[in-house]
1. Would you point out which residue out of L62, L68, L58 is over 20 Å from the mean Cα position of the chain (by Cα), open to solvent by less than 10 Å² (accessible area, probe 1.4 Å) and modelled with pLDDT under 95?
2. Scan segment 170-208 residue by residue and report those that are in a helix (DSSP H, G or I) and open to solvent by 40 Å² or more (accessible area, probe 1.4 Å).
3. Quick check: is even one residue across segment 266-287 out of contact with any helix residue (DSSP H, G or I) (no Cβ under 9 Å at 6 or more places or on another chain), in the same structural domain as R228 (by TED's automatic domain parsing), open to solvent by less than 30 Å² (accessible area, probe 1.4 Å) and within 26 Å of L198 (Cβ to Cβ)?
4. Output yes when any residue across segment 93-110 is in contact (Cβ under 8 Å) with a residue 12 or more places away in the chain and acidic (D, E), and no when none is.
5. Looking at segment 413-450, which of the residues that are modelled with pLDDT under 50 and not in a strand (DSSP E or B) is nearest to T399 (Cα to Cα)?
6. Being of a type in the set (V, I, T), open to solvent by 30 Å² or more (accessible area, probe 1.4 Å) and outside the structural domain of F31 (by TED's automatic domain parsing): is that true of T154 here?
7. Among the candidates S263, S307, S286, which residue alone is more than 19 Å from the chain's Cα centre (by Cα) and within 13 Å of the ligand (Cβ to nearest atom)?
8. When the residues of segment 120-144 are narrowed to those that are open to solvent by less than 60 Å² (accessible area, probe 1.4 Å) and in a loop (DSSP other than H, G, I, E, B), which ends up nearest to the ligand (Cβ to nearest atom)?
Amino acid sequence: MGKKFYIRTFGCQMNKHDSERIAGLLSECHFQETLEIGQAEVIIYNTCSVRENADNRLFGHLSQLASLKERKRSLKVVVAGCIAQKMKEDLLERSPHVDIVVGPNDLGALPHLIRMSEEKKARLCQARDKPQQEITSLPSKRKSAFKAWLPIMTGCNNFCSYCIVPYVRGREHSRPFEEVLTEAQELVNDGVVEITLLGQNVNSYHDGNGRGFFHLLEAVSQIEGVKRIRFATSHPKDLSPEVIDLIAQRENICNHIHLPLQSGSNRILSHMNRKYTREHFLHLASLIQERIPEVALSTDIIVGYLSEEEEDFWDTVDMLKKCRFDQAFIFEFSPRPGTTASMMEDRISKAEKQRRFRMVNDLQKEISWQKNRSYIGRCVTVLVEGRSKKDPGEIWGRTDNNKVVNFPGSSELIGKMVSVKIVDAGAFSLKGIAHVPRRTTSHENWVIFKGELQRISD
Ligand code: SF4
């Protein structure tokens, strides 16, 4: 039996997807995945360095490995991802428990590095700046049978002042158009119903032959069997009205757009090198909300950025009130070493950042709650993703516009589309009951029995 490996993933969807590629690659090399860290012979941390607490969390995890390494001398600890790329050999120096450091551009070499580390009893680092092999050419072991990430591009050219991504993931590189379509078709053949097109800035996708993101999205939406298409992430300077109209027209393109605002102040947006104004963002947000019925708009906000004055902060508050996002991911600014912002004076105290965070967070919670309450009494279609962690009697899934819905039901519904009537709502999720008995296949009927959706034979 092959060696057992365990992967812990930090950060964004791109990283989660990379972890599936790592799992696919190692499985192909006869390693075996385990979900129990204690059973693993190879532990892999696939890291993210976008937020400060990601670094802290990694080092917290690494320090906890001391006793495990003591008990299991042959255990190999691997750090992959953005922190590996950023710190390279320094990581080996800083953490004595790490055996292998491998950057995103060298993931294909991981099985070889593990072997070399064992044979030579050496600690190794491979994190080159240019891709040695496209990660998308590596095999993938998906976590979900019915949902998949599909990277359409890697890297980023935007150099937002606070962001480390262009330094660790390199310049923007779009995958060939036909290659993306072939992979989408293969996913559908494999039973996938929901595909998320991934890139740091999907709207700047281009295939070198005049075809951009609009054309790619349109082509993927025409593949028979793709029930839901999502994409992440959009950049406000590049999201086009054509893409907005396409979302409105195509039933299988989900009515959800994540559009990071970051700040409502033009002065701060300019400092951040975001290349759009609050007026442009407002125009886009109203276009989206006018043209796409039932759309949900989510965003990212950074509070307390370097020289953010009270007036700048209130501009952000004003934008939250005007755009009325369904959801916002709010962060206190913390400078990431190696970025332009890290070379400037951070003038806002921690306490002040926390105050601004609380204010924006409270406001957004209220807006999200109000928007979610408007769903009470309505029926929505939910793609069921799993059992609820909080209530074992419930299952959960997402609507087309990315609302999380919890409702009583059995595990057999995981991966299926279910009609759910919404009976309650909080700021972060909706609560419902399965709506009507509905035929899900030619052989099965589903009925509500004792409050649960259950299958009966024809
Ligand atoms: S668009 Fe800006 S924030 Fe997004 S990955 Fe690129 S540099 Fe980072």
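The values are calculated or read from the model by the stated rules, or taken from the named source; none is laboratory data. In this text the structure is predicted, and so the values were computed from the model without any measurement. Cβ placement follows ideal geometry from the backbone for every residue including glycine, while neighbour counts extend to all protein chains displayed. Areas reflect the complete protein model, heavy atoms only, side chains present, ligands, DNA and RNA absent. Shrake-Rupley method; radii C 1.70, N 1.55, O 1.52, S 1.80 Å.
1. Numbers: L68 fails: open to solvent by less than 10 Å² (accessible area, probe 1.4 Å); L58 fails: over 20 Å from the mean Cα position of the chain (by Cα).
Being over 20 Å from the mean Cα position of the chain (by Cα), open to solvent by less than 10 Å² (accessible area, probe 1.4 Å) and modelled with pLDDT under 95 holds for just one of L62, L68, L58, which is L62.
2. Step one: of segment 170-208, the residues in a helix (DSSP H, G or I) are 177-189, 202-204.
Answer for segment 170-208, where residues must be in a helix (DSSP H, G or I) and open to solvent by 40 Å² or more (accessible area, probe 1.4 Å): E178, E179, T182, Q185, E186, N189.
3. The first filter runs over segment 266-287 and keeps only residues out of contact with any helix residue (DSSP H, G or I) (no Cβ under 9 Å at 6 or more places or on another chain), leaving 270, 273, 280, 283.
Right, trim to in the same structural domain as R228 (by TED's automatic domain parsing) and you get 270, 273, 280, 283.
Among the residues that remain, those that are also open to solvent by less than 30 Å² (accessible area, probe 1.4 Å) are: none.
Checking segment 266-287: not a single residue is out of contact with any helix residue (DSSP H, G or I) (no Cβ under 9 Å at 6 or more places or on another chain), in the same structural domain as R228 (by TED's automatic domain parsing), open to solvent by less than 30 Å² (accessible area, probe 1.4 Å) and within 26 Å of L198 (Cβ to Cβ).
4. Within segment 93-110 (the criterion being in contact (Cβ under 8 Å) with a residue 12 or more places away in the chain and acidic (D, E)), the answer is yes, since at least one residue qualifies.
5. If we take residues in segment 413-450 being modelled with pLDDT under 50 and not in a strand (DSSP E or B), then R438 is nearest to T399 (Cα to Cα).
6. Values: of a type in the set (V, I, T): yes; open to solvent by 30 Å² or more (accessible area, probe 1.4 Å): yes; outside the structural domain of F31 (by TED's automatic domain parsing): yes.
Yes: the conditions hold for T154.
7. Working: S307 fails: within 13 Å of the ligand (Cβ to nearest atom); S286 fails: within 13 Å of the ligand (Cβ to nearest atom).
When all the criteria are applied, what remains is S263.
8. Of the residues in segment 120-144, the ones open to solvent by less than 60 Å² (accessible area, probe 1.4 Å) are 122, 124-127, 135-136, 138-140, 144.
Right, trim to in a loop (DSSP other than H, G, I, E, B) and you get 122, 127, 138-140, 144.
On the way: A122: 34, A127: 19, L138: 22, P139: 26, S140: 22, S144: 25 Å.
Here the answer is A127.
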